[in-house]
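The values are calculated or read from the model by the stated rules, or taken from the named source; none is laboratory data. Please read all numbers here as calculations on a predicted model, not as lab measurements. In this analysis, Cβ positions are derived from the backbone assuming ideal geometry, glycine residues included, and neighbour counts consider all displayed protein chains. Calculation scope for accessible area: heavy atoms of the full protein, side chains included, ligands and nucleic acids excluded. Shrake-Rupley method; radii C 1.70, N 1.55, O 1.52, S 1.80 Å.
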Amino acid sequence: MEIPYTVEARRDTGLNNGKIGIWLFLASEVMLFGALFASYILIRTGSSSWPRGDTILSVPLATFNTLVLISSSVTMVMAWASLMRRKLGTFRMYIGGTVLLGLVFLIVKYFEYSDKFHHGHFPSTDNFYAIYFTLTGLHMLHVAGGMAVNAYFWGPGAKQYYTNPEWFTNRVENSGLFWHFVDLVWIFLFPTLYLL
Amino acid sequence: MTSDHAVDIDRHVRVYISVFVALMVLTVITVAISRLHLSVPLAVTVALVVAIVKGSLVACYFMHLISEKKLIYAVLAVTAAFFVVLLALPVVTHSNGYWIPE
Amino acid sequence: MSHPTTVDPHGPHVGHEAHHEELGFWRKYVFSVDHKVIGIQYGISGLLFLFFGFCLMMLMRWQLAYPGAPLPIIGALFGEARMPGGSMLPEFYNELGAMHGTIMVFMGVVPLAVGGFGNFVLPLQIGAPDMAFPRLNMLSYWAFFLGGVTMLASFFVPGGAAQSGWTSYSPLAIIAGSGQTWWLVGMIFLITSSLLGAINFITTTIQLRAKGLMFMRFPFFVWTQFVTAFLLLLAFPPLEAAGVMQLMDRVAGTSFFLPSGLVVSGQPLQVAGSGNALLWQHLFWFLAHPEVYVLILPAMGIVAEIIANNTRKPLWGYKPMVYSLVFLGFMSFIVWAHHMFMTGMGTAMATFFQTTTMIISIPSVVILTALILSLWGGSIRFNTPMLFALGFLPMFGIGGLTGLPLGLNVSDIPLHDTYYVIAHFHYVVAPGTIFALFAGVYYWFPKATGRMMNETLGKIHFWGSMICMNIVFMPMFIVGMAGVSRRLFDGGATYDFAQPILHWNAVSSWGAWIMALFQLPFIYNFFSSMWNGEKVGDNPWEATTIEWAAPSPPPHGNFSTEPVAHRGPYDYSLPGAKKDFVPQCEA
């Protein structure tokens, strides 16, 4: 038995199953991060004092990380574009680059976190740190998840290219949608936590 | 793969590069503005506007939302409606509950 | 379910998915990707959890009927830490209360209504070979299973299971014992499971419907599942976020939900503070009000199917029902704060939320009215599924109408957190939704097994449950209106004002225990009919919808020929037709 429309698009919707699935998933993610942002606004507006992010957190490191994530989004679309051109070698280079940039992001985050811990700042210190660690921690989990999927497509998953390149391209596109979403969340997290 | 398709992808790639540059520039701009230490309401507005522009660029071009199928738009429209309700939550909590300020 | 499929022309890309060979026991019955097996797994797990939750409640009913009296025989089983000398400790009562709610809602009704019936029936009703993402479907079940195991395991941790109610309000839940952490972890699994399920249901409905099956040809059950899936998809993530934050409050010492200056047992709480306790309630009810509709909509869908089938008439007002359903889905997101009138919200907000609450009652009434009018002029077949479906109508009606005073700010204030509330929402969920679920079990049992359930036992089950349900819940309106709080572990025995109505507590309790006896025919019927039930053909109810065109039980892949929808879902008693029903896939 085969499930219809895993690869080819259904005529009346113009979409394959995976594309709808990933967008629905992203819709739920929007609500997840939306709830956290709403909580942030509520707690911040309700507290008597709130520090500016740049007096506590390292803006240069975060700016660097923003640039890293944006670059990784570009390598991700380039990976997909290479598959559209049926160039597996270029795809592997780009998707590998995406994973590496993700790794750089996590390493920078590791230094940020350990610096905070070193100075005795923990989630329990105050609600600024509580929000900071919760939001960035959850975001980091998403980065790690996206990296795992992309690493799979770089490694063992790439075998599918030889049997069904079209399906493989679709899957990479969907993984890319998730990756861009993670980037998008960071684009909002960065000014919220670091600059305001 | 038809050559048409390949040309299409080449055009895509050029767009990606321009979006990439725009995102980089906007990141630098938003950091630079934060150095000006504007008043909080203004700073929030500016940062939010820049973030929305950057986010839209990512969503429209990297995530291809600019040319997506109707069904996806429908799903996102529903999500957006509920997202707005969710963001109204702080307003609901803090509201003192009088239509006319005392 | 044991048929190997014979469809074979598969491309090389699916070679690793060895659906086509005869699968071993584990792949076929345990880690199956077949929507029907997963549906039955969900269904049986859901029924077991319902039974377990019912047992917790029966223990509580002992304490409420005879506060402090030692429970004979069974009481000794729970040990000195929970029931010393057979008398229940307040802490144990709170455990039972919190877990009864959690289990019934998140592990009983939703998995049975959405995971069970949704998985089993929806793909068949839209003529699909399976769900759009079969492996995600399996993952969804096992996430639910892990969540369930985590919840059950929490009874055995030091201090016992969660004691802060199914709502897990802060700050109470944050200073509670370790069972609460297990509760949160369990909830995160359950939420993940529901999200994966919702993605699958929506994609399947949109993409895998049969040729010719446009949306306005969907059986009403498909519509209800479709809207329900959207509610799950968009309402659950905020609770997941809230769960993460509460977990941080408990584990990492943050103060998201802890205001400054908290004093616990005379000691100032050593936390940073300046959090917001109401934030939890907002996020919780942002989920939990849509969740109410997650509980009721699939039930309405089941009832609609059975009523159309047994009145041998099309549903009265199919289109208004569908529009009402969609409207209901949207509205359910902007009524949540009517659970919070007592939190000191301002009058403007209260006015807003009571207005939206009054508005949302309109589509519910439209659907219920349409279902009642559907009976008009039909020659009704009173078989067991139909009896349960008919029982649903007045019971849901009572539950719904008694909700109106709770939706209005002024009348909510005296009634809030009394037994009146318990009676109200149990009328919606217990004789409402659960009756509909029983109706669904009796109705689709022949599709899943190829055999009928016994009618006589079914009727005993129905009449016994119907009478006992009312003996259980009707007195609670009286107790509630007398002002007895739902949170008291002695049912109000220490309050003077409650003395004149205390005897009603015992009436409720006896109703519950006798109702348990009336579930025995169902349990026996369910299992014995699997092997000894009367064998029937593919379409024993002479129904029109597409699932009855598949063999019973349907093989992996469901249909022998691809179904095509040629007409609406309820072409019963068409003038001039040879039979009194014309199947949807008949040209």
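Across the accessible surface of chain C, with the other protein chains kept in place and a 1.4 Å probe, carbon and sulfur atoms take up 71 percent. Dipole check for the protein assembly as shown: with +1 at the C-beta of Lys and Arg, -1 at the C-beta of Asp and Glu, and the Cα centre as origin, the magnitude is about 980 Debye.
Once the 1.4 Å probe is applied to the protein heavy atoms, the protein assembly as shown comes out at 38 Å² accessible per residue. To the nearest 0.05, what FRET efficiency results for B:L87 and C:F51 with a Förster distance of 41 Å applied to their C-beta separation? After rounding, the FRET efficiency stands at 0.50.
Taking Cα atoms only, the orientation of helix C:384-401 departs from the longest principal axis of chain C by about 40 degrees. Summed over qualifying helices (DSSP H, 4 residues or more, each -39500 (n - 2.57)) and divided by its residue number, the protein assembly as shown shows a 222 nm mean residue ellipticity of -21000 deg cm²/dmol. Put a plus charge on the Cβ of each Lys and Arg, a minus charge on the Cβ of each Asp and Glu, and nothing anywhere else: the dipole of the stretch B:3-94 about its Cα centre is then about 200 debye. For the pair the stretch C:111-158 / the stretch A:55-106, the C-alpha centres are spaced 36 Å from each other. Remark: mean inter-chain Cβ contacts per residue of B:15-23 equal 4, using a 10 Å Cβ-Cβ cutoff to other protein chain atoms.
Remark: spin-label model distance C:I44-B:L36 equals 6.8 nm, labels positioned 7 Å along the Cα→Cβ axis. Here the spin labels are modelled as points 7 Å beyond Cα on the Cα-Cβ line, and at A:M93 and B:S18 they lie 2.5 nm apart. Between the Cα long axis of helix C:90-102 and the first principal axis of chain C there is an angle of about 30°, rounded to the nearest 10. Once all protein chains are placed together, C:L231 keeps about 10 Å² accessible to a 1.4 angstrom probe. The modelled label-to-label distance for the pair A:F111/C:I413, using points 7 Å beyond Cα in the direction of Cβ, is 6.0 nm. Note on chain B: with a GNM built from Cα contacts shorter than 10 Å, the maximum mean-square fluctuation among B:S18, B:S56, B:S39 falls on B:S39. The 3J(HN,Hα) values that the Karplus relation (6.51, -1.76, 1.60; θ = phi - 60°) gives for the stretch C:324-339 are, in residue order, 4, 4, 5, 4, 4, x, 5, 4, 4, 8, 10, 10, 4, 6, 6, 7 Hz. Gly and Pro appear as x. For the stretch A:17-195, the carbon plus sulfur part of the accessible surface works out to 70%, probe radius 1.4 Å. For the segment A:171-182, counting C-beta atoms of other chains within 10 Å of every residue's C-beta and taking the mean gives 2. Straight-distance candidates among the lysines for linking to C:K578, with alpha-carbon spacing under 23 Å and chain neighbours fewer than 8 residues away dropped: C:K313.
Positive end of the dipole of the protein assembly as shown (Cβ unit charges, origin at the Cα centre): among C:A98, C:I360, C:H503, the Cα lying farthest that way belongs to C:I360.
Only one residue of A:I187, A:T163, A:V59 has its Cα farthest out toward the positive end of the dipole of the stretch A:17-195, where Lys and Arg carry +1 and Asp and Glu -1 on Cβ, and that residue is A:T163. Straight-line cross-link reach from A:K109 at under 23 Å between alpha-carbon atoms covers these lysines, not counting any fewer than eight positions away in the same chain: B:K54. Dipole size of the stretch A:17-195 about its Cα centre, with +1 on Lys/Arg Cβ and -1 on Asp/Glu Cβ: approximately 540 debye, rounded to the nearest 20. Multiplying the residue separation of C:T355 and C:L517 by 0.36 nm and subtracting their alpha-carbon distance yields 54.0 nm. Peptide C:271-278 has a mean of 6 when you count, residue by residue, the C-beta atoms of other protein chains within 10 Å of its C-beta. Label zone (C:R27, point 7 Å along Cα-to-C-beta; backbone nitrogen cut-off 13 Å) within the stretch A:1-30: A:1.
Within the same chain, aspartates and glutamates fewer than 8 places from A:K116 are excluded, and of the rest, those with a Cα less than 18 Å from its Cα are A:D54, A:D126.
Around the amide H of C:F581, modelled in the peptide plane, lie the amide H atoms of C:S573, all under 5 Å away and 5 or more residues distant in sequence or on another chain. Farthest toward the positive end of the dipole of the protein assembly as shown, out of C:G275, B:L71, B:H37, is the Cα of B:L71, where the dipole comes from beta carbon charges about the Cα centre. Can you flag which of C:K36/C:K319; A:K159/C:K447; B:K69/C:K319; C:K28/C:K459; C:K319/C:K535; A:K159/C:K211 are past 32 Å Cα-Cα? Table pairs above 32 Å Cα-Cα are A:K159/C:K447; C:K28/C:K459; C:K319/C:K535; A:K159/C:K211.
Compared with the dominant Cα axis of chain C, that is its longest principal axis, helix C:455-481 is turned about 30°.
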